[in-house]
Amino acid sequence: MYSEAQILEWLEEVKDPEIPVLSLVDLGVITNIDINEHRVAVTMTPTFVGCPAIDYMKQDVIEVLNSYGIDNVDVQVNFDEPWNSNKITEKGRKALKEFGLAPPPKHNLIVDIDILDNIECPNCGSNNSVMKTPFGPTACRSIHFCNNCKETFEQFKPL
Amino acid sequence: MNEITIKELLYKIADDQLILGHRNSEWTGFGPLLEEDIAFSSMAQDKVGQSQAMYQLLHELGEAEPDTVAFMRNEDQFHNCQLTELPNGEYDFSLIRHFLFDFAYAIRFEMLANSSYEPLAKLSKKIQGELRYHTMHANTWIKQLGSATEESISRLQNSLNEAMPYSLGIFEPSPYEAELKSEGIFEGEEVLKEKWLAKITDVINQTQLQMPDISTLTPKYGGRKGKHTEHLQPLLDEMAEVFRIDPTADW
């Protein structure tokens, strides 16, 4: 038998394919782990409903757990515990920032346009920034401009 | 729970999102500026993804696989409203359609988040959050271009007048309105329409655009029953071209 903590530690190795510094655990998309003698069942939920990376992530979870000798891995994707950006861990937020992607501001689950301006620039740390467009290179990123260092940057969108 | 009523509801929602998602994707590479090109492409990805999740719910109720349902039906088997299938036209028309449709759907999913049909309620709650970015985008541009120059105002006004009868077609009553309501699945198209009208009127009143008098308009109904304009079948042919040649194609 494996412990849930052990499984989670191994799953730290599975990264978001588009943000390779962020593990699925820190992204907050692993919603349940069920272990019995014969199999490990992992439940995941996508960040955005149409996220094309979910199938890759699912496959990666199976491969990583297989590599630790767990042959019977079952991965389910559902919306029982839907993802929101508050689920990104502190470690994950730090990794995003170091990667150059502004972490999403914490919110009360109602994302208002007001919280999308004055995002802290991951390059210079200034909050003197404006959102240029809520749609970026992937479904989960928006594009911002920093008035201080005059750099364009991306943010992991609050949702 | 009566499965026929649920399926009818799921099909029209999924088909609306798939068809408008496809139209949005036609802006890829053609947007009037890079940000708008990305915005419509990104909304296309969201909508097609959301439709897939809806088709998955239908699959769990015994319908065919999502890809088969999406790519193998002909126009008379699609339940999308005619608004979604109209060609993109110029950017002003696409923008107005996006504004009218996404506010209707933001409210629809807000209502469905409380549905007694739990799988739909969960998914709607999730989609509701994503649509906030779509309505935010529509709002920004309608407010800006609706009060900018003579040309931008008259273009948007003409598109608004043209799109409005089709927009009313979003709310074509279902044969199962009474059951949906009594079973707590969905409060109904009429309630949705009233909420939508209040919302879009509020935005339009903040611009120099005039809200058309809807009491004088005949809604473009028929889409929900498989009656479509000449524009849908060519869209379906293009969308399904690869799948119909090789259903196992992968990339």
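For the residues B:ASP250, B:ASP102, A:ASP60, B:ASP213, a 1.4 Å probe over the protein chains yields an accessible-area ranking, largest first, of B:ASP250, B:ASP213, A:ASP60, B:ASP102. Of all lysines in the structure, those lying under 27 Å Cα to Cα from B:LYS12, and not within fewer than 8 positions of it along the same chain, are B:LYS47, B:LYS122, B:LYS125, B:LYS126, B:LYS181, B:LYS193, B:LYS195, B:LYS199, B:LYS220, B:LYS225, B:LYS227. Membrane-span-like helices of chain B, defined as complete DSSP H segments with a Cα extent of 18 Å or more along the helix axis and a mean Kyte hydropathy of at least 0.5, are identified as B:91-112. Distances between placed amide hydrogens fall under 5 Å for A:ARG141 paired with A:GLY136, A:LYS157, all partners being 5 or more residues away or on another chain.
Spin-label model, A:ASP34 to A:LYS97: label points 7 Å out along the Cα-to-beta-carbon direction sit 3.8 nm apart.
Keeping all protein chains in place and using 1.4 angstrom, which order do B:ARG97, B:ARG244 fall into by accessible surface area, from largest down? The partial results should precede the final answer.
Working: B:ARG97 5, B:ARG244 95 Å².
Of B:ARG97, B:ARG244, the descending order of accessible area is B:ARG244, B:ARG97.
Partnerless cysteines in chain A, where a partner means another cysteine C-beta under 4.7 angstrom, comprise A:CYS51, A:CYS140. For chain B, the extents of the C-alpha atoms along the principal axes are 53, 44, 32 Å, listed from largest to smallest. Counting only Cβ charges, +1 for Lys and Arg and -1 for Asp and Glu, the dipole size of segment A:4-83 around its Cα centre is about 140 debye. In segment A:113-159, the residues whose accessible area drops by at least 50 square angstrom when the other protein chains are added to the isolated chain are A:PHE135, A:LEU159; the probe is 1.4 Å and only protein heavy atoms count. List the residues of segment A:23-62 whose backbone N lies under 20 Å from a point placed 7 Å from the Cα of B:HIS59 along the Cα-to-Cβ direction. Counting backbone N atoms under 20 Å from the label point, the list is A:42-62.
Between A:ASN66 and A:VAL21, the modelled labels are 3.0 nm apart [label points 7 Å from Cα along Cα→Cβ].
Rounded to a whole number, what % of the accessible area of segment A:100-156 do carbon and sulfur atoms account for, probe 1.4 Å?
After summing per-atom areas, the C and S share lands at 46 percent.
Dipole check for segment B:165-226: with +1 at the C-beta of Lys and Arg, -1 at the C-beta of Asp and Glu, and the Cα centre as origin, the magnitude is about 240 Debye. Rolling a 1.4 Å probe over the protein chains gives A:LEU109 an accessible area of about 100 Å².
Can you tell me the dipole magnitude for segment A:100-156 around its Cα centre, using point charges on the Cβ only (Lys, Arg +1; Asp, Glu -1), in Debye to the nearest 20? Could the numbers behind the result be given before it?
Numbers: 4 positive and 6 negative charges, 25 e Å.
In debye, rounded to 20, segment A:100-156 gives about 120.
Can you give the FRET efficiency for B:GLU118 and A:ASP117, using 1/(1 + (r/R0)^6), R0 = 41 Å, r = Cβ-Cβ distance, to the nearest 0.05? Computed FRET efficiency for B:GLU118 and A:ASP117 comes out at 0.65.
What is the percent carbon and sulfur in the accessible area of segment A:4-83, measuring with a 1.4 Å probe over the protein chains and ignoring ligands?
Accessible surface attributable to carbon and sulfur in segment A:4-83 totals 43 percent.
Excluding ligands, DNA and RNA, the accessible surface per residue across the protein assembly as shown is 44 Å² with a 1.4 Å probe. Placing unit charges on each Cβ (+1 for Lys and Arg, -1 for Asp and Glu) gives the protein assembly as shown a dipole about its Cα centre, and among B:MET54, A:LEU101, A:VAL42 the Cα reaching farthest toward its positive end belongs to A:LEU101. Ranking A:TRP83, B:TRP141, B:TRP27 by solvent-accessible area of protein heavy atoms (1.4 Å probe, all protein chains present), from largest to smallest, gives B:TRP141, B:TRP27, A:TRP83. Note on segment B:193-233 and segment A:86-102: Cα centroid distance 42 Å, given to the nearest whole angstrom.
Pop out the carbon and sulfur fraction of the accessible area of segment B:32-133 as a percent, whole number, probe 1.4 Å. Working shown, then result.
On the way: 1690 of 3340 Å².
Accessible surface attributable to carbon and sulfur in segment B:32-133 totals 51 percent.
Neighbours of B:GLU3, meaning other residues whose beta-carbon lies under 12 angstrom from its beta-carbon, give a summed charge of -4 when Lys and Arg score +1 and Asp and Glu score -1.
For B:GLU110 and B:GLU3, a Förster radius of 22 Å and the Cβ-Cβ distance give a FRET efficiency of 0.35, rounded to the nearest 0.05. At full extension, B:GLU90 and B:PHE30 could sit 20.5 nm farther apart than now, given 0.36 nm per residue minus the alpha carbon distance. Computing FRET efficiency as 1/(1 + (r/R0)^6) for A:SER3 and B:THR216, where r is the C-beta to C-beta distance and R0 is 51 Å, gives about 0.15. Once you reduce segment B:1-38 and segment B:114-140 to the center of their Cα atoms, the two points are 14 Å from each other.
Given C-alpha coordinates of segment B:52-116, what is the ratio Rg to Rh with the Kirkwood estimate of Rh?
For segment B:52-116, the value is 1.04.
What residue among A:ILE70, B:PRO119, B:TRP251 has its Cα farthest toward the positive end of the dipole of the protein assembly as shown, where the charges are +1 on Lys, Arg and -1 on Asp, Glu, each on the Cβ? Result: B:PRO119, furthest along the dipole toward the positive end.
Within the full protein context, the accessible area of B:TRP196 is estimated at about 0 Å² for a probe radius of 1.4 Å. Each of B:GLU238 and B:GLN77 was given a label point 7 Å from its Cα along the Cα-to-Cβ line. The distance between the two points is 2.2 nm.
Between chains A and B, what is the buried accessible area in Å², counting both sides, with a 1.4 Å probe and ligands, DNA and RNA left out, to the nearest 100? Intermediate values should be presented prior to the final figure.
Working: alone 8430 and 11680 Å², together 18110 Å².
Interface area, both chains combined: 2000 Å², rounded to the nearest 100.
Straight-line cross-link reach from A:LYS157 at under 17 Å between alpha-carbon atoms covers these aspartates and glutamates, not counting any fewer than eight positions away in the same chain: A:ASP16, A:GLU18, A:ASP26, A:GLU90, A:GLU98, A:ASP112, A:ASP114, A:ASP117, A:GLU120, B:GLU35, B:ASP46, B:GLU130.
So how many Å³ per residue does the convex hull of the Cα atoms of the protein assembly as shown work out to? Could the numbers behind the result be given before it?
Values: hull volume 62.8 nm³, N = 410.
Measuring per residue, one finds 153 Å³ for the Cα hull of the protein assembly as shown.
The values are calculated or read from the model by the stated rules, or taken from the named source; none is laboratory data. As the structure is a prediction and not an experimental result, all values here were calculated from the model. Neighbour counts run over all protein chains shown; Cβ positions are idealised from the backbone, glycine included. Note: accessible area is taken over every heavy atom of the protein model, side chains too, but ligands, DNA and RNA are not part of it. Shrake-Rupley method; radii C 1.70, N 1.55, O 1.52, S 1.80 Å.
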